[in-house]
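To start, the structure under review is shown below, and the notes come after it.
The values are calculated or read from the model by the stated rules, or taken from the named source; none is laboratory data. Just so we're clear, the structure is a prediction, and the values are computed from it rather than from any experiment. Note: ideal-geometry Cβ built from the backbone for every residue, glycine included; neighbour counts use all protein chains shown. Accessible surface areas use protein heavy atoms only, side chains included; no ligands, DNA or RNA. Shrake-Rupley method; radii C 1.70, N 1.55, O 1.52, S 1.80 Å.
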Amino acid sequence: MWTIIKIEKKSFSLLKQDIKSKLNDKVIFYSPKILIENSINKSSKEFEILGNYVFCYSKNFAEEKNIYKIKFTRGLKYVLGGYKNSQAEILSFIQNCKKNEDKKGYLSQNIFDHKINNFYKIGSGPFFGEVIKILDIQKNK
């Protein structure tokens with residue numbers, strides 16, 4: 001079962017070890033990343049798109065007592081609630097991210113592409129809930 005945890009980036013490696021030892025199970029961590037390349041000075045920088053949030057999978061998370069086992073682990077700020085009801089959405093998001101990763105494990109630009117003549121639902125702002133159709137994509141619009 002997948003859950004979402006907020007971490008302290010400095011102690012993430014300690015957190016991984018502690019969670020694995022507390023659960024005595026195979027634990028999978030997933031954090032989607034993008035690579036930003038600067039064309040001026042030819043440098044690149046890695047960014048986690050979810051910031052301090054990481055997906056964590058263990059079959060033991062089905063039982064609430066296992067969440068309490070890891071709740072006070074070093075490097076863990078908190079575990080987001082409602083993960084049991086959101087398994088379909090979490091799994092769909094992770095599969096979409098993994099489908100759009102390149103060979104190095106970074107998200108490609110395809111995840112952000114919008115297609116002409118497709119319908120999209122606005123998720124926030126004054127037009128929340130409205131359905132739009134993209135007719136044309138200009139350079140910066």
Given Cβ point charges of +1 (Lys, Arg) and -1 (Asp, Glu) and nothing else, what value in debye, to the nearest 20, does the dipole of the chain about its Cα centre take? 400
Note down the relative contact order for the chain as a percent, whole number, built from C-alpha pairs under 8 angstrom at least six residues apart. 27
Relative to the compact-globule scaling 2.2 N^0.38 Å, provide the ratio for the alpha-carbon radius of gyration of the chain. 1.28
For the chain, the per residue accessible area (1.4 Å probe, Å²) is 73
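Would you tally the net charge around Ser11, using a Cβ to Cβ cut-off of less than 13 Å, leaving Ser11 out, and scoring K and R as +1, D and E as -1?
+4
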Protection proxy ranking of 123-131, 21-29 - average other beta-carbon atoms within 10 Å, highest first: 21-29, 123-131
Scattering profile of segment 22-90 from the Debye formula, Cα beads only, expressed as log10 I(q)/I(0) at q = 0.13, 0.22, 0.24, 0.27 Å⁻¹, is -0.51, -1.06, -1.21, -1.40
Please compute the contact order of segment 1-57 in relative form: average sequence separation of alpha-carbon pairs under 8 Å and at least six residues apart, divided by the residue count, as a percent. 49
How much mean residue ellipticity at 222 nm does the chain get from its helices, if each DSSP H run of length 4 or more adds -39500 (n - 2.57) and you divide by all residues, to the nearest 500 deg cm²/dmol? -7000 deg cm²/dmol
